[in-house]
Structures are given as C-alpha cells and as structure tokens.
Amino acid sequence: MADFGGTDLDTFRKEVREWVEANFPASLKGKPNPMAREERGSEPSADQEAWRKAVGAKGWGTPTWPKEYGGGGLSGAEARIVQGEIARAGAYNPIGGMGVMMFGPTLLEYGTDAQKQEHIPPICRGEIAWCQGFSEPGAGSDLAALSTKAEDKGDHFEINGSKIWTSGAQWADWCFCLVRTDTSKKHEGISFVLFTMHQPGVEVRPIPLIAGSSPFCETFFTNARAEKKDLVGPLNGGWTIAKRLLQHERSGLTGAGGGLGSGGKPIEVLAKEYVGLDDAGRLADSDLRTRLVTNAMNMRAFQQTAVRAMVEAKGNASPSSATSIMKNAGTQLIQERHEMALEIMGHQGLGWDGDDFSADELAAVRGWLFGKAFTIFGGSQEVQSNIVSKRILGLPDLTQAK
Amino acid sequence: MAVLTEEQSMLRDAAKSWVQEKSPVTAFRKMRDSGAELGYDVAAWNEMAEMGWAGVIVPEEYGGSDFGYLSLGLVLEELGRTLTASPLLASGLAGASALILGGSDEQKQAWLPKIADGSAVVALAVDEGPHHRPEKVEATVSGGKLSGKKVFVLEGMAADVFVVSATEGGKVELYLVKADDAGVTRTKLSLADSRGAANVVFNGAAAEKLTGGAALLDKVLDRARAGLSAEMLGAALQAFEITLDYLKTRVQFGQVIGSFQALQHRAAKMFTELELSRSAVEAALSAIDNDAPDTAELVSLAKAKMGDTFHLVSNEMVQMHGGIGMTDAHDAGFYLKRARAAEAAFGNQAFHRDRYAKIQGY
C-alpha cells in the first residue's frame, strides 16, 4: 500500500481540494449527477455546464487516461485522491456514459493515433455521447451471428440493418458499432466501425419495457454512412475488439450489484417495518427471515469478493480469477432482493401509480421489473456461465461464447 | 487468494509441499483402515509440530511464532485439501486461543510451550447435546470441582487437558481440566468421518478457571469456527478440482462429460460459490488478527457460507462421478463424510444464519 502515503500525494491532495473548492458551483452541492438521469428533456443549467467544462478541461473526469488525448494523466493513487476530493465536496464527476465506461478504454487500446486524437478528447470534455450498436434481433447471446451489413463504397462504408437494446441511442451523438463485412465467416467477418448518429440513414425508436419507459431503443440503418477512417482495427478484425469492450462493460455492470433501486431503504429495514419482530427480536415471518439473512450474507460475501479482487489485482502478478464470477453472483443477489422487497410490502408492493402507494412502494415494483434485465444484458447469466466453464475451468467449448 | 507476506507465502508453500509428499489422501485412507486409536497419525503430527505449525498463533515468549490466524488458516487450508487429520485445529488453534486469551501467566507457562511443540494436546469440551448450543451449559463447578457431560469433543481421546465450559453460581466460565484426573472418563466415538472425538464425563474433576466468562467462550469458539472454515475451504477446493478433472476425462456418448452444458453450468456455480467462500473465510481470519469489532458476524458468515459450499461441492462430487463415486475405493465418500462432520462442528449453517441475523437486529 506504499502509494497511499507520501508527502507528494499530500501536496497533490491539497491542490485538488483547493481546485474543487474554487470551481465547484455551490448551487450543485449534494445534487444528483445529471449524467445519471434517464430523462434528459431539460437543458443543463449554466452551473452544471460550468462544472462539466471545468472538470473536462483538467481531464479529471477520466483521470488515468493519457494527457495527450485530454485525460488527466494521473497515477491510480492520484486518481483516487481526485475521486475522494470530489466526493468530499459533495460534488459529482460530470464526465461519464458509455464513452468513458466502455468505448474510450477500448479505443485507447486499439485505435490509431489519429482516431484517438479525434474521438478521445471530446469524451474527456463530456461533449459527445456514445451508444453501443451490438445486439440485434437475431443476435443476442449469440452476438457473433449479427447481420447488420457494411458494404465498401470506396471512400466509405454503407450500412444497412438494425440494432436493438441500444441504450441511450435517442440522446447519442455517435455510435460504436459491430457490422458484418464478410458473410462467408462468422467471428472473422465482423468489423468495428464508428459513425455519427446525426445523419438521415439512422432512425431511433425507444422501447417501452415491462417496467415502463426505458433508455433502450431499436435503431435502424438505411444506407447509413461510416467513413473509412472510422474503422477501428483491421477489416474483419472487430470481434477481438468487441470482446475487450464487453469486458469493460461487464466490469462496470457488476458495480451495480450494491444498490437496490427501490428507494434507498435496505430490505432488512423494510422487513422490520412491514413484517415486524416477535418477542425474541426475530422477524415475525421465520421463512422470510431465513431467506433474507441468506441473501444478506451472500451479498456481504459478494462485497468481500469485490474488495479481494481489487486488492489481488493490485498486489499479485496475475489478475484475480474472482472477477469472472462477479456479474452472475451480483445480479442474482440483487434480483432476489427485489423479489423480497415486493413480498415484504405485500399488497402495497403491487402498486403501479397513484397516491395510495408510497414512493418506496412504487419504486419497488419498477425496480423489481427492471431488475429482470440484469441477468440478460451485458451477457446473460447463461453466457456468463459458458465463459466461466470455458475460460476459467477449461471445459470444452461447444457454443463459441466469447 | 489474499495478498500474502513473504513469510506467509513460505509457510503456505511449506505446507503445500509437505501435504503432497507426506500426507496425500492415501495416508488418510491408511489411517482410517488401521483404525487408529486417536483418529490421526501420530508420526505425521510430530512432523507438523517440528515444522512449528502447532505454535503459529502462540506468542514467541511461549515458544510460538505469533504469526496470526490468517497464517494458520493457510496451513489448515492445505491440510484440508487431503483431509489430513491432526489435533492442529483443536489444540494449536482452539485450545491455544483459550489459553492466550484467558490464561494467567502461570497457566500460559504451563501449557502454551507444550502446545507449540506438540507435546501436549488441548481439546475444547463445550457441547452437551446433538446440536451446538454453547449458551446452554449444564456442567457445573463447585469448590473447584467440575461435574457434567460433554459430547463430540474433537481430539477428546488425544487430549492431555480439556478446556471445559461450566457454570459457577449461574455464570458461564471456561476451566482447564487435566485428562488424567480421576474424575474424568472418556469414551471414544466412532464417527463417519473417521476423525478423533470422544464423549467425556466429568465427575468432580479438579478445575482451574480461565478468565473471561461467556465472552471468552464466544471468542474461542469464533477462532475455532474460522480455522475450521479454512480447513473446509481446502477440502472443498480439492473435491472440486478432482471433480473437474473427472469431467475432462470421463467419456460417454463419444465425448467427455464436461462438454455437456448441464454439467458445465453446475461446475461454474461451484466455482462461483468457492470464490465467494474464500473471500468470507479470509475476511473472518483477518478480522480476528485485527481484533475487528464485527468479528463475530464475519465468522458466522464464513462458517455458514463455507458450510453451504462444502455441502454443495461434496454432493456434486459424488453425483458427477456417478457409480464410481459411491464406492469406498474412491475418495469422494471421504469428502462427503468430512463435509457433514465439519458443517455440524461449532454450529451448522442454520446456527450461524440465526446468529448473523440476530447481530443485524432482526
């Protein structure tokens, strides 16, 4: 843990603290991050814009990315200081989204210098929103079966086909997209291209889900255009890049395992309120109590594993094998919690809207329904189990799940 | 695997290579077939003691190395892999803990050096019925004499001295009682897992009090539970690895059975549970080393989680091996039997889930 101490870091911490104090608008203190909102109907306020630009100019929203492309150029220890000081001031990181979480790290690894120069700095400044054109109606778990076609038109590719579950496509400026450039092969016929969403050949339709409105969309391409310079990696070499990007996506998704999304109250507290304790101080419903504590203990072990994986990645030479289990373990536990929240609330946990139900109760229903997506998106539970079987346990691969 | 210090890595590597060379599962089988009186191989135990493992948690001034519980857990994990039977858990961990935490200078001086060099075995005698209920104590002490009955005392036949829970004036305390006292009668138990255990009757046996009461009992038990969890982790990992090898080599329908997705996903599930269990076990041992305020709940988490996982893996080991797994010639049965005995010792999963929920206030 040598990099946590030292006078250089203390000096850096002081600088960061002073900078945050000088630049973070007081009106935004303790307010939610506008990046996290699903509904983006309203324009950002002047203060929100000022804070985004200030952090963007420092590169501190993407603190460990190289300085030459607009990142912060900081070490891991320095980045933790920046994150800590932003949190300490009641501020938020205004730079986020798929560009930061998945696309940026992937382009930094596989892009040419020109591609990085063009696309990374706007991500660091929070100016461009990206969406992910991966899944298709006929290519979900079997992603490599995708058929959206890109034809070589000399100076550009012409794209025809459709994508589905394109989160945030209705707000996105650019798309990173998997397209078929060779129909004679499966995995080796896929390319990774970038194009603007602001063109006539792109149409976006949001998809209402069982939980109501959602950020997911269907996206249709009719003679849409991607420039040749925006092909990332070699032609027909997109699958390798896609796999790397999915790793970034999954490591981001497991972080979602901590919250419940039903209004903030832990279900242990809800259980005490709705079900009550008996004379011995135990939950009055002993069947529920056993399931609840089992889940709580597994959740604790899951969090311990997240910490262990992080410490091991830092301290041991090889990456921790614990990482591979995180998505399935976390998403399953959170779904169990959603189910129990509903059960605990009884009839009050079945409200769709209206004043007869509290905000917690309404949120529990929507959270329960939306939570069903957790074991489907970003590689379904079954696909994750295939990956563990093949990559970690060395069992034969019959599905070519990547 | 936690990030280890150089000393811890050396200790683990030493344990790993000793276990592979000197104490494979065939050694356990031999011990069982010979009907060993004590439930372990005395020569192997002496070798372990010579390497200093019995004194890992004992302070240096009493002849130990004061390496802590996480370090001792590394040794127990390796021993667990091949089901190596020894008094290390009962004496070098639980018994030593009782003396370190509750012994007077004289008591420590009398026993800790002998525990550390393996020349004395200390056993914990707390249970009185078929289930672990440490708070229910009927044994009593009056005028320095202890009377009562204790059951399922691990290494009870090998013990030179017992650490016994009893009440005096209605208050739970721990006492040292020498095994050769005329008031002690012990009966060897023949258990499914072939380990050493005894029922012990105390009839006015001379008892020396340790300091600490019910809180000391709790702390000693938590140390035993965490150590046993480490042993269970090793056994469950080995059972899983043996099973995984079988999935890669057993051919039916013209292909290895590990190519069937129904078995692959069950294997992935076991791997997931083992990773979660390792985190819980290491966190519990570290909490003890750091005297963390939430040690009790972390220990209950580790014992319950490890119990569930070992239960699952030991059942799957038999099932996935099919008929061969049912034969006594195969090792699967040893892991299955050891799993249930270890689950029941010092509180099963139900006991520790109840305890965890109580600590959380529901």
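How many percent of the alpha carbon pairs in chain A exceed a separation of 36 Å? Percent of Cα pairs beyond 36 Å in chain A: 32. Largest GNM mean-square fluctuation across B:M306, B:M320, B:M157, computed for chain B with C-alpha springs under 10 Å, falls on B:M320.
For the range A:78-215, give the percent of accessible area contributed by carbon and sulfur heavy atoms, probe 1.4 Å, rounded to a whole number. Spell out each step's value before the answer.
On the way: 2860 of 5510 Å².
Reported share for carbon and sulfur atoms: 52 percent.
Solvent-accessible surface of chain A, taken per residue with a 1.4 Å probe and all protein chains present: 46 Å².
In chain B, helices alone account for a calculated mean residue ellipticity at 222 nm of -17500 deg cm²/dmol, with every DSSP H run of four or more residues adding -39,500 (n - 2.57). For chain B, the longest principal axis of the Cα atoms and the long axis of helix B:213-249 meet at an angle of about 20 degrees.
Taking the square roots of 5 times each eigenvalue of the Cα gyration tensor of the range B:215-359, largest first, gives ellipsoid semi-axes of 33, 15, 11 Å. Rounded to 0.05, the FRET efficiency of the B:K149 and A:S286 pair, given R0 = 35 Å and the Cβ-Cβ distance, is 0.65.
May I ask you to compute the full-extension gain from A:Q117 to A:E203, defined as 0.36 nm times their residue separation minus their alpha-carbon distance, rounded to one decimal in nm? The partial results should precede the final answer.
Details: separation 86, 0.36 × 86 = 30.96 nm, distance 2.82 nm.
Gain on extension, A:Q117 to A:E203, equals 28.1 nm.
Rounded to 0.05, the FRET efficiency of the B:H131 and B:A214 pair, given R0 = 22 Å and the Cβ-Cβ distance, is 0.75.
Rounded to the nearest 500, what is the 222 nm mean residue ellipticity of chain A from helices alone, with -39500 (n - 2.57) per DSSP H run of 4+ residues and division by all residues? All intermediate terms of the calculation are to be shown ahead of the outcome.
Working: 11 runs with 157 residues, N = 402.
It comes out at -12500 deg cm²/dmol, rounded to the nearest 500.
Working from Cα pairs under 8 Å separated by at least six residues, relative contact order for chain B is 16 percent. Across the accessible surface of the range B:89-232, with the other protein chains kept in place and a 1.4 Å probe, carbon and sulfur atoms take up 50 percent. Could you list log10 I(q)/I(0) for the protein assembly as shown at q = 0.04 Å⁻¹, which the Debye formula gives when each Cα is one point scatterer? Those come out to -0.21, one per q.
With both labels modelled 7 Å from their Cα along Cα-to-Cβ, the A:K14 to B:D245 distance reads 6.0 nm. Averaging the Cα positions of each part gives two centres, and for the range B:314-356 and the range B:105-160 these lie 27 Å apart. Which of the lysines could a cross-linker bridge to A:K53, judged by Cα under 24 Å and excluding same-chain residues fewer than eight apart? Cα-Cα hits under 24 Å: A:K14, A:K29, A:K31, A:K67, A:K116.
D by Stokes-Einstein for chain B, Kirkwood Rh over Cα pairs, 25 °C, 0.890 mPa s: 118 µm²/s. Model label sites at B:E6 and A:D279, defined 7 Å from Cα along the beta-carbon direction, differ in position by 6.3 nm.
Under the simplified labelling scheme, the B:M51-B:T185 pair shows an inter-label distance of 4.1 nm, with each label point 7 Å from Cα along Cα→Cβ.
Please report the buried accessible area for the interface of B with A, total over both chains, probe 1.4 Å, in Å² to the nearest 100.
Numbers: alone 15420 and 20230 Å², together 32350 Å².
Adding both sides of the contact gives about 3300 Å².
Remark: mean inter-chain Cβ contacts per residue of B:259-266 equal 5, using a 10 Å Cβ-Cβ cutoff to other protein chain atoms. Applying 1/(1 + (r/R0)^6) with r as the Cβ-Cβ distance of A:E49 and A:S214 and R0 = 25 angstrom yields a FRET efficiency of 0.40. Pairs exceeding a 26 Å alpha-carbon distance, out of A:K327/B:K337; A:K163/A:K228; B:K136/B:K358; B:K114/B:K145; A:K149/B:K269: A:K327/B:K337; A:K149/B:K269.
Using a/c under 1.5 as the rounded threshold, could you call the range A:130-238 rounded, prolate or oblate? The axes a ≥ b ≥ c are square roots of the C-alpha gyration tensor eigenvalues, and prolate needs a/b larger than b/c, oblate otherwise. Oblate, since a/c reaches 1.5 and b/c is not below a/b.
Over chain B, average the accessible area per residue using a 1.4 Å probe and give it in Å², no decimals.
38
Annotation for the range A:335-392 versus the range B:64-93: alpha-carbon center distance of 42 Å. Kindly provide log₁₀ I(q)/I(0) values, in the same order as q = 0.20 Å⁻¹, from the Debye equation applied to equal alpha-carbon scatterers of the range A:27-108. Taking Cα atoms of the range A:27-108 as identical point scatterers yields -0.98. Please compute the contact order of chain A in relative form: average sequence separation of alpha-carbon pairs under 8 Å and at least six residues apart, divided by the residue count, as a percent. Here the relative contact order equals 11 percent. P(r) for the range B:6-116, from all Cα pairs and a bin width of 10 Å, is 15, 46, 30, 9, 0 %, short bins first.
The values are calculated or read from the model by the stated rules, or taken from the named source; none is laboratory data. For clarity, every value in this text was computed on a predicted model and none was experimentally measured. Methodologically, a virtual Cβ is constructed for each residue, glycine included, from the backbone with ideal geometry; neighbour enumeration extends over all protein chains shown. Heavy atoms of the whole protein, side chains included, go into the accessibility calculation; ligands, DNA and RNA do not. Shrake-Rupley method; radii C 1.70, N 1.55, O 1.52, S 1.80 Å.
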